[in-house]
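To start, the structure under review is shown below, and the notes come after it.
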Amino acid sequence: MWTFSDTDVVATALAGAPSVFDSQPWDLRLADRRIELYERSAPAATARADVLISCGAAVTNLEVAVRALGRTVVTTVAGDHDEDAPLAVVATGPSTHPSNTDLRRYSAISRRSSHRDPFADIRVPDALVADIALAAHDDDVEVRVLTRDDAEPVAARLVDSARTASVVGRRELFPWRSHWLPGGDAEIVDRDSALITQAVPDTVRLSEAIADDTVLVFAAPDDTRALVHLGRAVERAWLTAVDARLCASVLTYPLRVGETSHALGEDLHTDAPPAAHHAGRLPGRRHPRTKREDPVRQSNRRSVRVTRQQRVLTDRELLHELEEVAEGEVNRHLSMAKEWHPHDYVPWDDGRNFAMLGGEDWDPSQSALSDTAKAAMITNLLTEDNLPSYHREIAEHFSRDGAWGTWVGRWTAEENKHSVVMRDYLVVTRGVDPVALERARMDHMTTGFDPGEQGMLDTVSYVTFQELATRVSHRNTGKACGDPIADRMLARVAADENLHMMFYRNITAAALDVAPDQAIASIHKVLTNFQMPGAGMANFRRNAVLIAKGGIYDLPQHLADVVQPVLRKWDIFGRTDFGPEGEKYRDELAVFLDDLTSQSARFEESRARALAREAARSAAS
Ligand SMILES: Cc1cc2nc3c(=O)[nH]c(=O)nc-3n(C[C@H](O)[C@H](O)[C@H](O)COP(=O)(O)O)c2cc1C
């Protein structure tokens, strides 16, 4: 018999299931030791496949609820059945203790929802993607994780689908596509008049976005039983993603347009897929990290074992141990740093008043910068603007006294010059819209930069890579501006960044000697989660694509000019002082670098293809 609280658990889990157009196309009957789920008609024009997939998702929630109540479950899904018979029966078996997975999935039900806004630009780790795909496993369903190579054909099919869709259909498509367009709806919807301003997405951008994303395509034969199984699999994947603090949505509408689903099936060598699932991180929120992503926390948890091998030093102990090195580094820096003045680098003669003082306001025709140079300048400047956030971060991890305090003050003062000179240059030369720039600065600084939970070693190793990345980016931006004055200014800024990088790199090198396992754990954590600090800024993703396409900062440069030289300098792969923990992180790092190398090669190929297509298009027009 079902107690009232059992019924409550079951009903709540069912109400939390996703369904096509939120139609909840099912009825439920609680019988003795079983739950029967009946198919109910959905709004007109709803594809039956969507009704069956929705019912499948509901079945998963029922199964999860019953397991959380401490009962075993046997589910039977009907094939073609008459109207009065249940579509699925979830029978309860003997009592058992719910497993960890059961409880986690159960708790994910109330947190699951369809996420229709863009995701944060943070890659979902491969191991987590594998967990999600594994959770979805079903003998009747093929679950395919899209690879980078799949991205282009899939994007082409979806763009075709958008072209073929009716006007109403296109309207249906845009919330879905907004996942894959930088800036979300704002890119395609004119908010004032609610008109669709860009009905068909750009294939190249869509393909790049799909390549960076976590997309699972679900395929199964087109019959009742298989489609219910497919819905169950989709919901298991979704709950697993939510449990790992991801957000997600399921997409079917675009696959219903014309022959899209069949064509996709042919491209992917699967049955025609009726659904895709798309997961990522929620932007602008700190996610508690999963165990797998956070090696430092893992090693802390195992501190008993680590202590026997290498003592884990606290941040305070590390600062003390490294103080002498820091002092030497500050002195070296001061002896090498050259004094320079921002005003010397700005072509003031090019300046004139704006309208408020009787002159003329900015107009796009006044800018001599290419789209790529604009994107790079804005991204680099806003990144420099966020200095107060970085100061806070560094100051929190270093002490105010002695060499550490001197460094924090000096470094902050030097960094501040960079935004001064770049903003003066852009405003005087009218390179970008000063109003948009100021608004972006306000937004970006108001949001601030939050790198998540960090220790002192995470901070110094992160800043080593980040300073070097900034240096590369400034140098290439200078060239992309096509103006010798900008080139000289950014070369000056880049030289500062290089000196800063050396400070952090040498501190990390000393930390590797003092606490090798702890330091390699941080380096591993930083590199496998690496992201530039501008990720939260407006249009970051679109600008990042332009920057990568324009060769200003891209994956091959990240690997060859930033990651590898620093790792070589630290002699990561030649050291003999790692303990078992350190060895493990080094091995994982080697695998990660191999993966980055193949991703880089694929990036080069797809960029070459995209540029060739663009060239052909402009030659034809
Ligand atoms: C079979 C199925 C198809 C769906 N198709 C789409 C879709 O094409 N686009 C979309 O944005 N949401 C789609 N959804 C999500 C539903 O609209 C969503 O689950 C429902 O509105 C309830 O909202 P919730 O998921 O936030 O609880 C689909 C859901 C199911 C189960």
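The values are calculated or read from the model by the stated rules, or taken from the named source; none is laboratory data. From a predicted model like this one, the values you see are computed outputs, not experimental measurements. Please note: Cβ atoms are built from the backbone with ideal geometry, for glycine as well, and neighbour counts cover all protein chains shown. The accessibility values were calculated without ligands, DNA or RNA, using every heavy atom of the protein model including side chains. Shrake-Rupley method; radii C 1.70, N 1.55, O 1.52, S 1.80 Å.
Observations on the model:
- Residues of the stretch 21-48 classified as open to solvent by 20 Å² or more (accessible area, probe 1.4 Å) and within 11 Å of the ligand (Cβ to nearest atom), total: 8
- Residue that is farthest from the ligand (Cβ to nearest atom), among those in the stretch 4-20 that are among the hydroxyl-bearing types (Ser, Thr, Tyr) and open to solvent by 70 Å² or more (accessible area, probe 1.4 Å): SER5
- Qualifying residue in the stretch 65-77 (condition: over 21 Å from ASP138 (Cα atoms), touching a His at 6+ places or on another chain (Cβ under 8 Å) and away from the ligand (no atom under 16 Å from the Cβ)): yes
- The combined condition, being in contact (Cβ under 8 Å) with a residue 60 or more places away in the chain and among the hydroxyl-bearing types (Ser, Thr, Tyr), is not fulfilled by THR314.
- Taken together, VAL427, VAL435 contain a single residue that is farther than 20 Å from THR470 by Cα, loosely packed, with under 15 Cβ neighbours inside 10 Å, more than 23 Å from the chain's Cα centre (by Cα) and at pLDDT 95 or above, which is VAL435.
- Filter result (of a type in the set (D, E, K, R), surrounded by fewer than 21 Cβ atoms within 10 Å (Cβ to Cβ) and farther than 23 Å from ARG148 by Cβ) within the stretch 513-558: ASP513
- Among the candidates ARG123, ARG104, ARG67, ARG163, residue that is under 22 Å from the mean Cα position of the chain (by Cα) and open to solvent by 60 Å² or more (accessible area, probe 1.4 Å): ARG123
- In a residue-by-residue description of the stretch 130-143, the property of being within 16 Å of the ligand (Cβ to nearest atom) and either assigned by TED's automatic domain parsing to the domain that holds ALA544 or surrounded by fewer than 21 Cβ atoms within 10 Å (Cβ to Cβ) (or both) applies to at least one position.
- Qualifying residue in the stretch 240-253 (condition: within 26 Å of SER113 (Cα to Cα), part of a strand (DSSP E or B), touching a Ser or Thr at 6+ places or on another chain (Cβ under 6 Å) and within 16 Å of the ligand (Cβ to nearest atom)): yes
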